[in-house]
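Written below as structure tokens is the structure these notes are about.
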Amino acid sequence: MTSTNGTMRGVFLPGDSTAVLREYGVPRPGHGQVLVEIGASGICGSDIGFIYRGYKGYRGVDGPAYRGVIAGHEPAGRIVAAGPGVRRFGPGDRVIVYHIVGCGLCDNCRRGHYISCGHGRESYGWQRDGGHAPFLLAEERTCVPLPDELSYVDGALIACGFGTAYEGLRRAGVSGDTDLLVVGLGPVGLAAGMIGRGLGAREVVGVEPSEERRAWAGTLGVFDRTLPAGDGTAAAVTIDCSGTRPGRSLALEAAAEWGHVSLVGEGGDLHTEVSDTLLHKQLTIHASWVTSLPAMSELARNLVGWGLRPEKVVSDTFGFAQADEAYALAAGASKGKVVLVPDAS
């Protein structure tokens, strides 16, 4: 464990498809804040697409949204210090960190949807130091309890990808009365398949153009079938996790009559024929962005009840010192989720 009185090395993303280590002071919690010793921190596709490969998209009024902070917005760990005014959590508590800090006062924040706060929203790993370091300074109100039955890696995956998939499937009404088609078997798609299984979907089918990803997904015991792109099957609920025009089109075309389509993949656009694809099938389309604090806490409890472990979709784990190698793999040919964990001391 790095001393809380010294310095630590954190991961910085220069925007040139590399990840470098920089020296930072270990922060001290102020009012309403906690210091979290990181147990695991996931690498997210949005970090790769909008920061790692170049600072683009999500521009603020004073430049790119990435402010040169410690990267990583999928953290989980153990609280080791608490500042004044902290009331619910304390040292020793295991937590997931919801990766957005909202104003706390607007309607969206009061519902727990900090992601949709329009009054000074900030994200760990984008505008605030994130989880790719031994310690993270977090607002207590962004912490979610991590059940003892789940690992820190489980918690890191819940912090973004699994939360995103859960919200999309909740809105689409997945249950024991529906089947589910998941388009795109990257980390979020794998999460959607596992959660769909937990929600009781009758059949869970995955569609993925990459033969390697498709084959690996087929070994996880999550999907009843995995198919190459273009070989979709009709389903009451479809979810696009690819963020691509072909993937979204497939999700719409494969939705059964009176079906529900959930869109959770970032970027790109949507192109579809309207009459036969949408109107005549009476489709309902849901657009979902991450999830809320209450739903994230609910998901953690449900995963325990379902006996499911998110870490199952992790294909590669690296120490913080190997961040450059980890990001290169996550941005390239990884079969599943790539996660950073503390370096061995």
(message) Using only Cα atoms and rounding to the nearest 10 degrees, what angle (0 to 90) does helix 245-254 make with the longest principal axis of the chain?
(response) 50 degrees
(request) Starting from the Cα-Cα distance between residue 20 and residue 7, subtract it from 0.36 nm times their residue separation and give me the gain in nm to one decimal. (result) 3.1 nm
(message) Please arrange 241, 106 by how many other C-beta atoms lie within 10 Å of their C-beta, fewest to most.
(response) 106, 241
(message) Could you list 284, 226 so that the one with the fewest beta carbons within 10 Å of its beta carbon is first and the one with the most is last?
(response) 284, 226
(message) What do you get for the angle between helix 163-172 and the principal long axis of the chain? Use alpha-carbon atoms, 0 to 90 degrees, nearest ten.
(response) 30 degrees
(message) Quick check: from the Cα gyration tensor, does segment 65-129 come out rounded (a/c under 1.5), prolate or oblate?
(response) oblate
(request) Rank these for me by crowding, 157, 270, going from fewest to most other beta carbons within 10 Å. (result) 270, 157
(request) May I ask you to order 178-187, 259-268 by the average number of other C-beta atoms within 10 Å around their residues, highest value first? (result) 178-187, 259-268
(request) Compute the longest continuous run of the chain that contains no exposed chymotrypsin sites (Phe, Trp or Tyr not before Pro); treat a site as exposed when its DSSP state is not H, G, I, E or B and it has at most 16 other Cβ atoms within 10 Å. (result) 59-288
(request) Starting from the Cα of residue 175, step 7 Å along the direction of its Cβ; do the same at residue 316; then give the gap between the two resulting points in nm. (result) 4.1 nm
(request) State, to one decimal in nm, how far the label point of residue 344 lies from the label point of residue 119, with both points 7 Å from Cα in the Cβ direction. (result) 5.0 nm
(request) Could I have the simple spin-label model distance between residue 287 and residue 275, label points 7 Å from Cα toward Cβ, reported in nm to one decimal? (result) 2.5 nm
(request) Please give the helix 187-198 orientation as an angle from the longest Cα principal axis of the chain, in degrees from 0 to 90, rounded to the nearest 10. (result) 70 degrees
(message) Rg over Rh of the chain, using C-alpha atoms and the Kirkwood radius, what does it come to?
(response) 0.97
(request) From the P(r) of segment 165-287, can you give the percent of Cα pairs sitting at distances over 24 Å? (result) 15 percent
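Every number in this text was worked out from the coordinates using simple rules, so none of it is lab data. Since this is a predicted model, take the numbers as computed values, not measurements. No Cβ is skipped: glycine too gets one built from the backbone with ideal geometry, and neighbour counts run over all protein chains shown.
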